[in-house]
Protein chains: 2
Amino acid sequence: MGMRMLGVLGGMGPLASAEFMRRLTLLTPAERDQDHIPTLLLSDPRVPDRTAARLAGGEDPLPALLRGIRILEQGGAEAIVIPCNTAHGWYEEMQAATRLPILHIVDAAVRDLARQGIGAGQPIGVLATAGTLAMGLYQQRLSALGHPCLVPEEAEMRELVSPGIALVKANRVEDAYPPLAEAARRLHGRGAAAVVLGCTEIPLGIAAGPALPFPVVDSIEALARAAIAWARAEEEGR
Amino acid sequence: MGMRMLGVLGGMGPLASAEFMRRLTLLTPAERDQDHIPTLLLSDPRVPDRTAARLAGGEDPLPALLRGIRILEQGGAEAIVIPCNTAHGWYEEMQAATRLPILHIVDAAVRDLARQGIGAGQPIGVLATAGTLAMGLYQQRLSALGHPCLVPEEAEMRELVSPGIALVKANRVEDAYPPLAEAARRLHGRGAAAVVLGCTEIPLGIAAGPALPFPVVDSIEALARAAIAWARAEEEGR
C-alpha cells in the first residue's frame, strides 16, 4: 500500500514502453491490484532520434529527456527507468540533473547474464542501434567483466538490424522478426554464448516468431526486473 | 510533432493499463516514434477497489482518482482516459473536478458496436464487475439506444465473472479464460448478438484462449480508438 512510485521515461519507442509496463506487471508477485508497483510513465515519442543525434548531427535529445525527467519528478516518482538503450548515451547528463536514481539499463542487462548462468569469459553478442554500438555502451561494461564482445558487421547493421528496428517502430513486428532473428543467429554462429537484445525494439520483433535456440537477454525484461528489485528494496528499507 | 498529450488514469488494474498502451500504439498509424501520441500514464494500483466501495461499504476511491487527475493535469495532459469501467461510476465527480475532457469508456464501447455493424434493437450481453452492473453503467446507455441488455445471473457472477476478473488481477490470465469465456458464451446462448467485455480485465482473460465465435466489444480497444480519434481531431483542429 505504501509502495513508492517508479518513474518511466518512455516513448522511445512507445511499443517498447507499453511492453515494459506489461512485463513489470507480469513479473511482480501479486494477488490483487494493490500489490503492484505504482508507476508514472511518460511515453513521449517526440524525443529526437538518439542514433541520428549521435551519428548524423541530428537534434540533441537531451533537452526533451530532461523535460521528461522533470515531469516524472513533479508527479512523485522516486526512481527512474528508461526503456531505451540508446538514450543511455546521455545517462551521466540525466543523472547529474536529478536527485532520483536512474536505474541503468545496461547494468540491468548485464546482471541478467549472471541470472541466466552465463559466466565471465564467455563471448557475448550485442544487437543494438548503430548509436548504442558507436558509443560502446555494452562493449565497455562487458569487457570490464571479462566478456569478449561480438557485434554485427556494418553490412549486417544496414541490411538486418537497423531495418528490423525501424519495422518495430512502424508497428510491423512480424516483418521485423526475420532480419532481427537472422542477425542474432549470425552472432551466435560466430561464437556468442548469449545475445543481448540491447535495443528495446529488438525483443518485440524477436517475440513475433519462434524462440531462438540459444540464450538471449531481453533488455526490456531485464529493466523490469531491476525496477521490481528497486521497489522491493525500498519496501524492506522502511 | 506538435501532438497534444493524452493522460491515462490507470492501474485499475495495471495489466489493463499496459494493454491499453499497447493497443493505443498498435492502432495508431505510424512509421516512426514521432508519429505516435504522447501519453502520460499514471498506473496507480493503490486506488481503493471500486466494486467494494459501491457494494460493500469499502473505502471511497474518489480522493485517489482526483489526486491522479491532478498529476496528469500538472504533467501536461490535455484529455483523460480511464481504462477501468467501474471507475466510471465516479465520472460526473471527476469531470466536474477538471477542465480536461474525460473520454467516457462506455461511450467508446457503445460506439464500437456501430463500428462492428451491430444495429439498434439487437440484444447486447454485458460482462462487467458487480459494481459496474449494479450502477447500470452499460444498461442505461444501451437501453437509450434501443438495445435489450443481457447480464449474467447472480450465480454466474459469483462463480465465473468475479473469479475470472480476480485471476487477471493476480496475473493468471490463462486461468481466467475458461470462466470468462463460459460467461460470454452463456449470454450469447441467451440471444446476445454481441457481448461487451465491460471490465478492462476481461479482454485480457479472453485473449488468453481461442477467439469467441461471436462479436465482442473489447472496452480496452474501444477506449484506445476513442483516444486516437481525439488526438486526430486535435491535430486537424489546429
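The values are calculated or read from the model by the stated rules, or taken from the named source; none is laboratory data. On a predicted model such as this, the values are computed, not experimentally measured, just so you know. Ideal geometry is used to build each Cβ from the backbone, glycine not excepted, and the neighbour counts take in all protein chains shown.
Scanning segment B:47-80 for residues being more than 18 Å from the chain's Cα centre (by Cα) and part of a loop (DSSP other than H, G, I, E, B) gives a total of 8. Just checking, does segment A:44-59 include any residue being of a type in the set (Ser, Thr, Tyr), buried (at least 18 other Cβ atoms within 10 Å of the Cβ) and more than 8 Å from chain B (Cβ to nearest Cβ)? Scanning segment A:44-59, I find at least one residue that is of a type in the set (Ser, Thr, Tyr), buried (at least 18 other Cβ atoms within 10 Å of the Cβ) and more than 8 Å from chain B (Cβ to nearest Cβ), so the answer is yes.
The numbered conditions (1) surrounded by fewer than 20 Cβ atoms within 10 Å (Cβ to Cβ); (2) closer than 30 Å to B:LEU100 by Cα are all true for B:GLU182 except (2). In segment B:136-146, of all residues being farther than 20 Å from B:ALA52 by Cβ and touching a helix residue (DSSP H, G or I) at 6+ places or on another chain (Cβ under 8 Å), the one that is surrounded by the fewest Cβ atoms within 10 Å (Cβ to Cβ) corresponds to B:LEU145. Screening B:ARG4 against (1) within 15 Å of the chain's Cα centre (by Cα); (2) in contact (Cβ under 8 Å) with a residue 40 or more places away in the chain; (3) surrounded by fewer than 24 Cβ atoms within 10 Å (Cβ to Cβ) leaves a single unmet condition, (1). Taking first residues from segment B:13-24 that are more than 8 Å from chain A (Cβ to nearest Cβ) and partners that are in a helix (DSSP H, G or I) and surrounded by fewer than 24 Cβ atoms within 10 Å (Cβ to Cβ), the Cβ contacts under 7 Å between residues at least 6 apart in sequence or on separate chains come to B:ARG23/B:GLU221.
How many residues are within 24 Å of A:ASP35 (Cβ to Cβ) and free of Cβ contacts under 8 Å to residues at least 60 places away in the same chain when one looks only at segment B:162-186? Selection size over segment B:162-186: 15. The one condition from (1) away from chain A (no Cβ under 11 Å); (2) farther than 20 Å from B:ASN171 by Cβ that B:THR28 does not meet is (1).
Inspect segment A:229-236 for any residue being within 14 Å of chain B (Cβ to nearest Cβ) and either over 18 Å from A:LEU15 (Cα atoms) or buried (at least 16 other Cβ atoms within 10 Å of the Cβ) (or both) and give the result as yes or no. Looking for residues that are within 14 Å of chain B (Cβ to nearest Cβ) and either over 18 Å from A:LEU15 (Cα atoms) or buried (at least 16 other Cβ atoms within 10 Å of the Cβ) (or both), one finds at least one in segment A:229-236, hence yes.
B:GLY125 satisfies every condition listed in (1) touching a helix residue (DSSP H, G or I) at 6+ places or on another chain (Cβ under 8 Å); (2) not in a strand (DSSP E or B); (3) not acidic (Asp, Glu) except (2). When each of B:LEU113, B:LEU103 is tested for being in contact (Cβ under 8 Å) with a residue 24 or more places away in the chain, over 26 Å from A:PHE20 (Cα atoms) and more than 13 Å from every other protein chain (Cβ to nearest Cβ), the lone residue that passes is B:LEU113.
Does B:THR25 qualify as being hydroxyl-bearing (Ser, Thr, Tyr), modelled with pLDDT of 95 or more, buried (at least 16 other Cβ atoms within 10 Å of the Cβ) and more than 17 Å from the chain's Cα centre (by Cα)? The answer is no for B:THR25.
Yes/no matrix, rows are residues, columns are (1) closer than 23 Å to B:ALA207 by Cβ; (2) within 14 Å of chain A (Cβ to nearest Cβ); (3) in contact with a Leu (Cβ under 9 Å, 6 or more places away or on another chain); (4) buried (at least 17 other Cβ atoms within 10 Å of the Cβ):
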| residue | (1), (2), (3), (4) |
| --- | --- |
| B:ALA128 | yes, no, yes, yes |
| B:THR132 | yes, no, no, yes |
| B:VAL151 | yes, no, yes, yes |
| B:VAL168 | yes, yes, yes, yes |
| B:ARG186 | yes, no, yes, yes |
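Scanning segment A:81-90 for residues that are touching a Gly at 6+ places or on another chain (Cβ under 7 Å) and either within 18 Å of A:LEU15 (Cα to Cα) or assigned to a loop (DSSP other than H, G, I, E, B) (or both) returns A:PRO83, A:ASN85, A:THR86. Kindly indicate whether B:GLY75 is more than 24 Å from B:ARG232 (Cα to Cα) and within 14 Å of another protein chain (Cβ to nearest Cβ). For B:GLY75, the condition - more than 24 Å from B:ARG232 (Cα to Cα) and within 14 Å of another protein chain (Cβ to nearest Cβ) - is not met. Could you tell me whether segment A:120-137 includes any residue that is modelled with pLDDT under 95 and more than 17 Å from the chain's Cα centre (by Cα)? Checked against the condition, which is being modelled with pLDDT under 95 and more than 17 Å from the chain's Cα centre (by Cα), segment A:120-137 yields at least one hit.
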